[in-house]
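Structure record follows, encoded as structure tokens.
The values are calculated or read from the model by the stated rules, or taken from the named source; none is laboratory data. A quick note: this is a predicted structure, and the numbers were derived from the prediction, not measured. So basically every Cβ, Gly included, is an ideal-geometry build from the backbone, and we count neighbours across all protein chains shown.
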Amino acid sequence: MSYQSQITDLDKTITGQGAPWAAIDAESAARMRIQNRFPTGLDIARYTAKIMREDMAAYDADPANYTQSLGCWHGFIAQQKMISIKKHFGNTKRRYLYLSGWMVAALRSEFGPLPDQSMHEKTSVPALIGELYTFLKQADARELGGLFRDMDAARERGDQVEAKRIEVMIENHETHVVPIIADIDAGFGNAEATYLLAKKMIEAGACALQIENQVSDEKQCGHQDGKVTVPHEEFLQKIRAIRYAFLELGVDDGIIVARTDSLGAGLTKSIAYTTQEGDLGDQYNSYLDCEEVDPADIRNGDVFLSREGKLLRPKRLPSNLYQFRSGTGEDRCVLDCITSLQHGADLLWIETEKPHIGQIGGMVDRIREVIPNAKLVYNNSPSFNWTLSFRQQVFDAWEAEGKDVSAYDRAKLMSVDYDGTELADEADERIRTFQRDAAAKAGIFHHLITLPTYHTAALSTDNLAKRYFGEEGMLGYVKNVQREEIRQGIACVKHQNMAGSDIGDDHKEYFAGEAALKAGGKENTMNQFEAA
């Protein structure tokens, strides 16, 4: 509906109510409606799911159309990210948000900082989704409010051409609301618990939920030791639970990201149920570390498997967990991925110990032998030492090619002494093109960084504290923060405006007319930044 059509529609509604509604202005109401394009989280989930589905199809047509996101732990961070993307790139196409369970645990739990072990309140995850979208919708309202003000100023000048141009901009406004891929960990319980939490996350606006195949009560960060996986059927129950949640809420295009931690998980809590040789349970059990035993050697409390006429004792640890055979991680990952896609998942996530295109691509090639359009979401994790990893990859490649690497110590390649060398420069170029190359060669549809704003907040705060509390004093803030905000056009230099002061002034004028007591008058110190 066009801007003028909305005004006409609301004018009919207001006029129909007679004198009691006479003070309500149709254009003001239309502006408020336009500024609140997404009244509910479900409206957002349906809108963003459609975007993701279209992006997935575009990637299938051309891997250059991969997507990206950054992890956000606060609505303001998400808002500033999307404002920055629109400013620098003109649109938000193929750029999403990621909600990391690690950051919720570390930064948003009432218990204080926690490790990534699903100990934080499960309700904090949908609450953060709602917060992220509240801030993104506020960014829409703020940007549109500025256009409304510019249009009013053009009208006051009698410049109808400019007023019409701005009206077209309003009608074609691109929202800051983008898809969120949200981390539901291992579901925070059984399949019913997963379903209930999924509903809350979808109602808050999430169109894509990422679930992992670890056990809920032993869940570990994907980049730490001690990970314990579950048999496929238990994981598939949770995938089905999420699909039911999407369908119940009318988000038919909802996306499920099935994550496997099997590459680094050497333990399982359960022996899979199996009825015949070669079924899914039998395949899972085939990776268990077993020893053949003589029936005469049965001990009290032993658990046994029968395979090909042999009696096998799985290795059981004092923790009552069972151990997989060493070196089976990649095979288990491939089986996990194929099984998940065959039973309702849309995208895959393989948690790796390093960013290596050859390793990822090798697994994806095997998966695509069965599922040709298999696509990955990949964690470009800050847990990786990217500099050291890629310098070592270049070192190894050069050594394999017969190139002289005697000038480099492979174990010390992180050293600043190697900065600016030919090896370091090639490694940096591989890092720069990693996402593009992995999208083309390793089936990665979506690249994300889980914890970037956690690390940028730490780094920027350290630099500010060092300068402000040191010799620079106030100059440490002014020179390195405010002056750069002004010169780089960072919108929040006008922090009152960013917090919604001008939106509030608009509403005061709608509600009170000439009696409105507005904050944005000549005495407002934000006017000092008008030229900025």
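Would you check which residues across segment 85-97 are touching a helix residue (DSSP H, G or I) at 6+ places or on another chain (Cβ under 9 Å) and either surrounded by 23 or more Cβ atoms within 10 Å (Cβ to Cβ) or closer than 18 Å to Ile449 by Cβ (or both) and list them? Please lay out each step first, then the result.
Just the residues of segment 85-97 that are touching a helix residue (DSSP H, G or I) at 6+ places or on another chain (Cβ under 9 Å), to begin with: 86-87, 91-97.
Thr92, Arg94, Arg95, Tyr96, Leu97, listed by residue number.
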Which residue, of Arg313, Arg259, is outside any loop (DSSP other than H, G, I, E, B) and crowded, with 20+ Cβ neighbours inside 10 Å? Arg259
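Looking only at residues that are part of a loop (DSSP other than H, G, I, E, B) and among the aliphatic types (A, V, I, L, M) in segment 402-427, which one is nearest to Leu70 (Cα to Cα)? Step through it out loud before you land on a result.
To start, the set of residues in segment 402-427 that are part of a loop (DSSP other than H, G, I, E, B) comprises 402-409, 413-415, 419-421.
Within this subset, residues satisfying the condition of being among the aliphatic types (A, V, I, L, M) are 405, 407, 413-414.
On the way: Val405: 36, Ala407: 37, Leu413: 28, Met414: 25 Å.
Going through the qualifying residues, I end up with Met414.
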Could you check segment 44-71 and list, in sequence order, the residues that are assigned to a helix (DSSP H, G or I) and among the acidic types (Asp, Glu)? Glu54, Asp55, Asp60
Determine which member of the set Val177, Val215 is assigned by TED's automatic domain parsing to the domain that holds Pro126, in contact with a helix residue (DSSP H, G or I) (Cβ under 8 Å, 6 or more places away or on another chain) and in contact (Cβ under 8 Å) with a residue 24 or more places away in the chain. Val177
Do you know which residues across segment 227-256 are part of a strand (DSSP E or B) and of a type in the set (A, V, I, L, M)? Val228, Ile255, Ile256
Those residues of segment 336-347 which are touching a residue at least 60 places away in the same chain (Cβ under 8 Å) and either of a type in the set (Val, Ile, Thr) or assigned to a helix (DSSP H, G or I) (or both), in sequence order: Asp336, Cys337, Thr339, Ser340, Leu341
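Given the structure, is Ala438 aliphatic (A, V, I, L, M) and outside the structural domain of Asp60 (by TED's automatic domain parsing)? Talk me through it step by step, then tell me what you get.
Numbers: aliphatic (A, V, I, L, M): yes; outside the structural domain of Asp60 (by TED's automatic domain parsing): no.
Judged against the criteria, Ala438 is not a match.
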Only listed residue being closer than 29 Å to His495 by Cβ and aromatic (Phe, Trp, Tyr), chosen from Phe111, Phe148: Phe148
Has segment 24-37 got any residue that is at pLDDT 95 or above, among the hydroxyl-bearing types (Ser, Thr, Tyr) and not assigned by TED's automatic domain parsing to the domain that holds Ala186? yes
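Among the residues in segment 408-424, are any crowded, with 17+ Cβ neighbours inside 10 Å, modelled with pLDDT of 95 or more and out of contact with any helix residue (DSSP H, G or I) (no Cβ under 8 Å at 6 or more places or on another chain)? Don't jump to the end; show me each part of the working.
Taking segment 408-424 and keeping what is crowded, with 17+ Cβ neighbours inside 10 Å, we get 408, 413, 418, 423-424.
Next cut, modelled with pLDDT of 95 or more only: 408, 413, 418, 423-424.
Among the residues that remain, those that are also out of contact with any helix residue (DSSP H, G or I) (no Cβ under 8 Å at 6 or more places or on another chain) are: none.
No - not one qualifying residue is present in segment 408-424.
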Going through segment 294-306 one residue at a time, which ones are under 20 Å from Leu267 (Cβ atoms) and either modelled with pLDDT under 80 or surrounded by fewer than 16 Cβ atoms within 10 Å (Cβ to Cβ) (or both)? Gly301, Asp302, Val303, Phe304
For segment 335-386, how many residues meet the condition of being modelled with pLDDT under 95 and either among the β-branched types (Val, Ile, Thr) or not assigned by TED's automatic domain parsing to the domain that holds Ala442 (or both)? 1
Segment 428-485, subset aromatic (Phe, Trp, Tyr) and in a helix (DSSP H, G or I), residue nearest to Leu413 (Cα to Cα): Phe434
